[in-house]
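In what follows, a single structure is set out as structure tokens and then discussed.
The values are calculated or read from the model by the stated rules, or taken from the named source; none is laboratory data. As the structure is a prediction and not an experimental result, all values here were calculated from the model. Cβ sites come from the backbone with ideal geometry, for glycine too, and all protein chains shown count toward neighbours. To get the accessible areas, we keep the full protein, side chains included, count just its heavy atoms, and leave off ligands, DNA and RNA. Shrake-Rupley method; radii C 1.70, N 1.55, O 1.52, S 1.80 Å.
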Amino acid sequence: MKRQIKLFDPIIDNNELSVLNKTLKSKFWADGSGSNQVRKFEEKFQKIIKSDSTVAVNSGTSALYLTLSMEDIKNKEVILPSMSFVSTAHAVVANNAKPIFVDIDLDTLCIDSNKIEESITKSTKTILPVHFGGLSCNLTKIKKICNTNNLTLIEDAAHAAGSFHNGKPIGSHGKFVCFSFHPVKNLAMPTGGLISINDNNYKRIIKKLQSKRWCGITNRIKTNYDVKELGWNYYMNEFSAAIGLVQLKKLKKLNKIRQQNAKRYFDELVCERKLKFDRNCSYHFYWILVKNRNKLRKILLEKGIETGTHYPPIHKFTMYDKKISLPNTEYAAKSIITLPTHPNLIKNDMDEIIKIINKFGKN
Ligand SMILES: Cc1ncc(COP(=O)(O)O)c(C=O)c1O
């Protein structure tokens, strides 16, 4: 049978199996119920990303939603790219705020920091950039814009576990940084997410977030706890945290292999545009922009090679503002092919992918 090459492929071994078994037998499956895997994961991840504090939750979507709910954004505006997974914008709408989509930079496919200021109004409260594919957006400039205009920086770092900006880990820059540990991500769990907090007030913030992630309960340790506000159930479970702790140990090593694969793509692929090579990037995937991308994707799939089209632009969805025009986003969305970078790829896989794409480009 022809070898199938997946776009995403979590890297697992006996260590994941062993912690799953242990957690199962412990019968402590929920956060806070005894074996403290979630707490341990929060602490270990916080050390690696060098942030003030972390709160683990049950998905990247929850991380975005809860973080935005910490800001007073009702009827206000949040600036973000349309080139993202739809939950980046859903989290804004679910908090009764208005998403303001700004076009992307075609060199990075991240929000174009030069176009942000023209979208700022009296109602703007927050900038929500996405580190697309794991490549950090221009955080230096965006931070400056936030400071000048008194806006909060919330980063969508769903692709960026193990990425850096100017040599400092993603997770240590914005006031809030939201990670996803969806099974396809560089750090994979069955489901999971995390909010990193960088703020002088982090102790107050963390308390509020911990309460918000579990039904508004203020102090779960005490039996006579209070509930001061509406909250829902967003906690991470112990199985996810246990897998996450194992995955975290190998994240750096596996991201290095992703970088080696990305370097080959960057050095060898001949195409219209491609993701640059940058050692700060976690390379959640590698992207290229090509003409007739559907045709090329079909050829690759016939050879057993799975690719992606991250993303259909959010502003084109029926529930969003279909009328606005974002030329770079629309061009990239119809020409993008996302390619696998995961460490299960062998040399022959890379050789074949590169050969097919370059042959297609010559025709
Ligand atoms: C850019 C981006 N933001 C947010 C999310 C949401 O994360 P999750 O699937 O863990 O809810 C994802 C992942 O799927 C994503 O890729």
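Using a Cα-Cα cut-off of under 15 Å, which aspartates and glutamates could be cross-linked to LYS125, ignoring same-chain neighbours fewer than 8 residues away?
Within the straight-line cut-off, LYS125 pairs with GLU71, ASP72, GLU77, GLU117, GLU155.
Run the numbers for CYS215 and LYS50: contour at 0.36 nm per residue of separation, minus the present Cα-Cα distance, in nm. List each step's numbers first, then the result.
Values: separation 165, 0.36 × 165 = 59.40 nm, distance 2.85 nm.
Additional length available on full extension: 56.5 nm.
Select from SER136, SER84, SER119 the residue whose mean-square fluctuation is largest in a Gaussian network model of the chain (Cα-Cα springs shorter than 10 Å).
Largest GNM mean-square fluctuation: SER119.
What figure in square angstrom, to the nearest 10, would you give for the accessible area of ASP321 with a 1.4 Å probe?
My reading of the accessible area for ASP321 is about 60 Å².
Working from the pairwise distances between different alpha carbons, so that the mean of 1/r is found and then inverted, what is segment 18-71's Kirkwood radius in Å?
Its Kirkwood hydrodynamic radius stands at 12.8 Å.
Can you tell me which of 2-11, 244-253 comes out highest on packing, and rank the rest after it, using the mean Cβ neighbours within 10 Å? Let's see the in-between values first.
Numbers: 2-11: 15.3, 244-253: 17.9.
By packing density, highest mean first, the sequence is 244-253, 2-11.
In what sequence, largest accessible area first, do ASP103, ASP226 appear using a 1.4 Å probe? Let's see the in-between values first.
On the way: ASP103 10, ASP226 75 Å².
Largest accessible area first, the residues go ASP226, ASP103.
Just the number, please: carbon plus sulfur as a percent of the accessible area of the chain, 1.4 Å probe, no ligands or DNA/RNA counted.
Numbers: 8950 of 17270 Å².
Within the chain, the accessible surface is 52 percent carbon and sulfur.
At what distance in nm do the modelled label points of PHE28 and ASN150 sit from each other, each positioned 7 Å from its Cα along Cα→Cβ?
Those two pseudo-labels are separated by 4.6 nm.
Kirkwood-based Rg over Rh for the chain (C-alpha set), two decimals? Kindly include the intermediate steps, with their values, before the conclusion.
Values: Rg = 20.6 Å, Rh = 21.1 Å.
Radius of gyration over Kirkwood radius for the chain works out to 0.98.
Let me test this: with uniform point scatterers at the alpha carbons of segment 14-159, what is the Debye-based log₁₀ I(q)/I(0) at q = 0.19 1/Å?
-1.12
Whole number please: convex hull volume per residue of the Cα set in segment 94-143, in Å³?
Numbers: hull volume 4.6 nm³, N = 50.
With only Cα atoms used, segment 94-143 gives 92 Å³ per residue.
Could you give the nm distance between label points at LEU106 and ASP72, where each point is 7 Å from its Cα heading toward the beta carbon?
4.3 nm
Students often get this wrong, so check it: of LYS76/LYS250; LYS98/LYS291; LYS25/LYS228; LYS44/LYS274; LYS22/LYS185; LYS291/LYS347, which have C-alpha atoms separated by over 30 Å?
Details: LYS76/LYS250 41 Å; LYS98/LYS291 34 Å; LYS25/LYS228 35 Å; LYS44/LYS274 34 Å; LYS22/LYS185 24 Å; LYS291/LYS347 26 Å.
Check vs 30 Å cut-off fails for LYS76/LYS250; LYS98/LYS291; LYS25/LYS228; LYS44/LYS274.
Would you please report the Å³ per residue occupied by the convex hull of the alpha carbon atoms in segment 111-171? If you can, show how the numbers build up before the last one.
Values: hull volume 4.7 nm³, N = 61.
Expressed per residue, the convex hull around the Cα atoms of segment 111-171 is 77 Å³.
Could you work out which residue, out of LYS122, LYS208, LYS141, moves most in a Gaussian network model of the chain, that is, has the largest mean-square fluctuation with Cα springs under 10 Å?
Result: LYS122 has the largest fluctuation of those listed.
Let me see the pair-distance distribution of segment 251-362: every alpha carbon pair, 5 Å bin width, integer percents in order.
For segment 251-362, the pair-distance distribution reads 2, 11, 21, 22, 18, 12, 8, 5, 1, 0.
Could you list, in their original order, any pairs among LYS303/LYS359; LYS2/LYS263; LYS47/LYS253 whose Cα atoms are separated by more than 19 Å? Please report the intermediate quantities before stating the final value.
Numbers: LYS303/LYS359 14 Å; LYS2/LYS263 26 Å; LYS47/LYS253 17 Å.
The pairs that break the limit, which is 19 Å between Cα atoms, are LYS2/LYS263.
Taking springs between alpha-carbon atoms closer than 10 angstrom, which of LYS185, LYS322, LYS44 fluctuates most in the Gaussian network model of the chain?
Looking only at LYS185, LYS322, LYS44, the largest GNM fluctuation is found for LYS322.
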